[in-house]
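Next up is a structure, given as structure tokens.
The values are calculated or read from the model by the stated rules, or taken from the named source; none is laboratory data. None of the values given here were measured: they were computed from a predicted structure. All Cβ positions, even for glycine, are placed from backbone atoms using ideal geometry, and neighbour counts span all protein chains on display. For accessibility, only protein heavy atoms count, side chains too; no ligands or nucleic acids. Shrake-Rupley method; radii C 1.70, N 1.55, O 1.52, S 1.80 Å.
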Amino acid sequence: MSRFILRRLLQSVLTFFGATLIVYALMFSIATDPLQALAGERPLNESQRAQLTAQYHLDEPFLVQYGYYMRGLLTGDMGRTITGRPITDVLAESWPRTIQLTLITMVIVVVVGVTGGVIAGLRRGGVFDQTSLALTLVVIGTPVFVLGTVFQTVFAVELGWFRPSYAPELGLATYILPAIVLGLLSLATAMRLTRASVAENLRADYVRTAAAKGLGRGRIVGVHVLRNSLIPVMTFLGTELGMLMSGAMVTEGIFNIPGIGGRLFQGIRLEDGPLVVTIVSLMILIYLATNLLVDLLYAVLDPRIRHE
Amino acid sequence: MLLRSLAASCLLTAAVLASACGGGRSGPIDGDALVVSIGIGEPKSLIPSSTTESNGSDVLHALFTPLVDYDDGFRPVELAAESITSDDNRVWTIRLQPGWTFHNGEPVTADSYINAWNAGAWGPNAHDGNYFFEKILGYDDLNPRDARAEPKAKKLAGLRKVDDLTFEVTLREPYVNFKSMLGYTAFYPLPLAAFSDVDNNVIDPRYQEAPIGQGPFRMKGVWQHDQLIETERYDAYAGPVKPKIAGVAFKIYQQQTTQYQDLLAGQLDIVPRLPIENIGSARADLGDRYRQSPASTIQFLSFPTFDPRFRDVRIRRAISMAIDRDEITRTLFLDSQKPLRSFVSPVVPGYRENTCGEWCEFNPERARALFEEAGGAPAVGGRIEIAYNVDGGHKPWIDATCNQIRANLGVECIGNPQPKFAELLTKVEKKEPVGLFRMGWIFDYPAMENYLGPLYTTYGSSNYYGYSNPEFDRLVALGDAAATPEEATAYYQKAEDILARDMPVVPLRYEQNNFGHSTRVRNVNMNLFFQVELLDLEPNVD
């Protein structure tokens, strides 16, 4: 087990360096003129252009720029954004908000999605199953920015149940509406997946055996069926956590949550290489970590799976 | 559970107070306690000499008061200054009003201005407003061509302190509009507390997290990045008009459409820049709380002079006459912008309506005849292209313009999308045949020269299309060096007449401030710099 974890961690280090190099190269190749992008349509004054070019090493070749970035990163200095703020500050402010949003979303997805899926799976063809099927199809087919704007208009502006935008004074409650919007798509998928899995396992041999042994239905479903049905759902949720973090960009924009998505969007727009690479690298790390966690959880759920 | 109780309490609030859900909105409105919230985007900087975009300048307008304001004819009048005078338009004497203090109690003196301007002009600081100081004597010594070289001087030779409240500014050359320039953010003073090393022009990086100014409002806490900037009334404010509200909270948004949702939900008082998506519904939602006022931005299409297809002035005039400006502003922009038929915006002294004359009137028959006379479609290589940046929402009106050109001139016309304006400029600089390209211009100060100089003179900083007419250059230079503003205007107007003849660009529209406000405030106005006039704001008591 520990050798498995060690090997995966070593792989993560390699993945991390490879990913930063590729993302940095991509940012470098799309950047035409970050300083002009920053100035918008206003002409950039000669003196200012010369100074900023020197400060941000913009006239150096790609590998030299990457070298500066890596040297800074390894010595704990992530550098400054092109607007002059330390990247460390930007991340320290915005990451917690995105993480809070993602975790609340995850809770909603797991609780509503898995419960709904189990109910639908147990009573296939019933009213709940049919309704949820129709609803999930609608949700899966609707782009998130449409959902976001509609929910914002209906539940915040018209009905007044929530605030249309981020309000830190409300605490975690401010994330509820955005989390629902962000989680709806994953929720729909999780629900379909759980339903299919439960329905299939209900017909498995071991369920018949358990029933023949005289076990109660609660125990059959709660222990035997659920545990086996959760393996594919776990895989999905594990990869989904990373997806939610990067997918939060749109939702954060609509609800004005000052999280990592907004910073990433701004970084891309301003061709801010170091900022984008740092955020993307951190996302990759989180993705790697959740995947490792999912793999370890497999072993817990299914004793037949062993990591050597 | 949390959700249900939250929803229930909100419904209750809504029922009892007929206001939307949320804290801080209940109770009677007390003028002295009213904090007006204004929606902005994240400012790039809050150092005056490095703030040239509207978000930062909105905030600084609360914290600082400029030397001059402008009258109804857009002419400068003294505000924080006692007098601004010059005999030759080269050496200007600025006398400050006594009794002004910064929010930390430090008195405002001539040094406050001299230090701030030196720091703004100091090349290694790389401030966005650096170019405002170009006209002051000694600017070159602070801005070496090679950025890695040490500048020759630390202080502008053209700034001289006379006494505590008086200083002299010497320009490189006489410039009649210098007084008009002084209303801009770049010319605000700085307290000593802003500097970590005033002799070397080093501004403390922490200063902009809570800027200290001499204006009607002072910072309450620090800049909460991407969230909020709070200010409160400064009781020792020395200006002639005092604030009628307790403070201003600038709420920072990532998207303008969210500001509008917050305004409708009662969570925001003023949306200073209503996006086009919301203007259609704003008239119905807000009624007379949707407002407009003229702004300085003009939009036009320019002809690259390096492109032989547009060398014939008849082609340029035909394209201009084939465009129905009224139709586009009415249907696409819902009157949020107005048709422009001159080469400067209406908010400068000396503006005349329709200087472009017949060449900007919509006249499809004449346009077609002129186009055919100049060679027709083959003369422009079979089709006309209009280049634009896709990140600015320009596609709809570019397409509409192309449709009009196609219908009225009988030549294929297509938009040429570019990812960003920076990329468009790079192509134009390499003289690639992108076709016509769109441009916009926002003035820095209300003077005709601020359009004519940068946009149309041979070495103008934004003359990307390469227009050059020695007679035009001469007239603008004569205007700059004129003895009085009236004399200058006469020269500038003569210069503008040349533009109407040469048609280097097609004027299309001038923009408006489109803004909306809540029922809690009244007397909401916006000035020429896209700023909310904070001293006008009053609580709506009825």
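Can you give the charge dipole size of segment A:2-74 about its Cα centre, rounded to the nearest 20 debye, using +1 on the beta carbon of Lys and Arg and -1 on the beta carbon of Asp and Glu? Intermediate results must be reported in sequence, preceding the final value.
Values: 6 positive and 5 negative charges, 133 e Å.
Taking the Cα centre of segment A:2-74 as origin, the dipole is about 640 debye.
While we're here: Provide, in order from the shortest bin, the percent of all Cα-Cα pairs of segment B:86-167 in each 5 Å bin, continuing until the bin that contains the maximum pair distance.
3, 15, 21, 21, 17, 13, 7, 3, 0
Okay, moving on. If the only charges are +1 at each Lys and Arg Cβ and -1 at each Asp and Glu Cβ, what is the size of the charge dipole of segment A:130-207 around the Cα centre, to the nearest 20 debye?
On the way: 4 positive and 4 negative charges, 22 e Å.
Dipole of segment A:130-207, to the nearest 20 debye: 100 debye.
Additional query: Run the accessible area of chain A with a 1.4 Å probe and give the carbon-and-sulfur part as a rounded percent.
Carbon-and-sulfur percentage of accessible area, whole number: 68.
Among A:Leu137, A:Leu293, A:Ala196, which residue has its Cα positioned farthest towards the positive end of the charge dipole of segment A:95-307, with +1 placed on the Cβ of Lys and Arg, -1 on the Cβ of Asp and Glu, and the dipole taken about the Cα centre?
Ranked along the dipole, the leading option is A:Ala196.
With no solvent and one point per C-alpha, what does the Debye sum give as log10 I(q)/I(0) for chain B at q = 0.06 Å⁻¹?
So the normalised log intensities are -0.33.
Give, as a single signed number, the net charge of other residues whose beta carbon lies under 9 Å from the beta carbon of B:Pro216, with Lys and Arg counted +1 and Asp and Glu -1.
+3
Over the alpha-carbon set of segment B:381-483, work out the extent along each principal axis and list the three values in angstrom, largest first.
Taking max minus min along each principal axis of the Cα atoms, segment B:381-483 gives 49, 28, 27 Å.
Given the DSSP H assignment, sum -39500 (n - 2.57) over each helix run of at least 4 residues in chain A and divide by its residue total; what's the result at 222 nm in deg cm²/dmol, nearest 500?
Rounded to the nearest 500, the figure is -23500 deg cm²/dmol.
How much of A:Tyr287 can a 1.4 Å solvent probe reach, expressed as accessible area in Å² and rounded to 10?
Around 90 Å² of this residue is reachable by solvent.
Probe 1.4 Å, all protein chains in place: accessible area of B:Lys251 in Å², nearest 10?
Here the residue's solvent-accessible area equals roughly 40 Å².
Could you quote the convex hull projected area for segment A:2-74, Cα atoms only and averaged over all directions, in nm²?
Averaged projected area of segment A:2-74's Cα convex hull equals 6.1 nm².
Once the Cα atoms of helix A:87-108 and of chain A are each reduced to a long axis, what angle between those two axes, in degrees from 0 to 90 to the nearest 10, is obtained?
20
Would you mind counting up the charge near A:Thr15? Only other residues with Cβ under 13 Å from its Cβ, with Lys and Arg at +1 and Asp and Glu at -1.
Value of the local net charge: +2.
Moving on to the next point. Whose amide H sits under 5 Å from the amide H of B:Asn513, counting only residues 5 or more places off or on another chain, with H placed in the peptide plane?
For B:Asn513, whose amide H was placed from the backbone, the distant partners under 5 Å are B:Ser293, B:Ala295.
Can you find, among B:Gly415, B:Leu455, B:Gly392, the residue sitting farthest towards the positive end of the charge dipole of segment B:294-512, where Lys and Arg contribute +1 and Asp and Glu -1 at Cβ?
Working it through, the farthest residue towards the positive pole turns out to be B:Gly415.
Over segment B:294-512, with a single point scatterer placed on each C-alpha, what log10 of the ratio I(q)/I(0) does the Debye formula yield at q = 0.11, 0.13 1/Å?
-0.50, -0.71
Given the C-alpha centroids of segment A:151-219 and segment B:67-115, what is the distance between them in whole angstrom?
Centre-to-centre distance over Cα atoms comes out at 63 Å.
While we're here: Taking +1 at the Cβ of each Lys and Arg and -1 at the Cβ of each Asp and Glu, which of B:Ala295, B:Ser320, B:Ala265 sits farthest along the dipole of segment B:260-344 towards its positive end, judged by Cα position relative to the Cα centre?
Ranked along the dipole, the leading option is B:Ser320.
In addition: So, for segment B:294-512, what is the accessible surface per residue at a probe of 1.4 Å, expressed in square angstrom?
Per residue, segment B:294-512 has an accessible area of 37 Å².
For the pairs B:Lys44/B:Lys179; B:Lys220/B:Lys242; B:Lys338/B:Lys395; B:Lys44/B:Lys251; B:Lys44/B:Lys420; B:Lys395/B:Lys427, note any where the Cα-Cα span goes beyond 24 Å.
Check vs 24 Å cut-off fails for B:Lys44/B:Lys179.
Still on this structure: Can you tell me which lysines have their Cα less than 23 Å from the Cα of B:Lys152? Leave out same-chain residues fewer than eight positions away.
Once the sequence-local lysines are set aside, what remains near B:Lys152 is B:Lys135, B:Lys161.
What's the Cα-based Rg to Rh of the protein assembly as shown, Rh via Kirkwood?
Working: Rg = 30.8 Å, Rh = 30.3 Å.
A ratio of 1.02.
Moving on. Do any trypsin sites (Lys or Arg not before Pro) in segment B:328-408 lie in a DSSP loop with no more than 16 other beta carbon atoms within 10 Å, and if so, which? Working shown, then result.
Details: sites: B:Arg330, B:Arg341, B:Arg352, B:Arg366, B:Arg368, B:Arg383, B:Arg406; in loops: B:Arg341, B:Arg352.
Taking segment B:328-408 and a limit of 16 other Cβ atoms within 10 Å, the loop trypsin sites (Lys or Arg not before Pro) found are B:Arg352.
Per DSSP H run of n ≥ 4, the term is -39500 (n - 2.57); total these for chain B, divide by its residue number, and report the mean residue ellipticity at 222 nm rounded to 500 deg cm²/dmol.
-8500 deg cm²/dmol
Can you give the local net charge around B:Gly239? Use residues other than it whose beta-carbon is closer than 14 angstrom to its beta-carbon, Lys and Arg +1, Asp and Glu -1.
Local net charge: -2.
Further question on the same structure: With only alpha-carbon pairs counted, each pair once and no self-pairs, how large is the Kirkwood hydrodynamic radius of segment B:68-207 in angstroms?
15.5
Oh, and also: Only Cα pairs under 8 Å and at least 6 apart count here; give the relative contact order of chain B as a rounded whole percent.
Rounded, it is 18 percent for chain B.
Just how large is the dipole of the protein assembly as shown about the Cα centre, in debye to the nearest 20, putting +1 at every Lys and Arg Cβ and -1 at every Asp and Glu Cβ?
Charge dipole of the protein assembly as shown: 3980 debye, to the nearest 20.
Moving to a separate point now. Is the shape of chain A rounded, prolate or oblate, going by the alpha carbon gyration tensor and its root eigenvalues a ≥ b ≥ c, with a/c under 1.5 for rounded and a/b larger than b/c for prolate?
Taking the square roots of the gyration eigenvalues as a ≥ b ≥ c, chain A is oblate.
Could you tell me the relative contact order of segment A:95-307? Use alpha-carbon pairs under 8 Å, at least six residues apart, and round to a whole percent.
The value is 27 percent.
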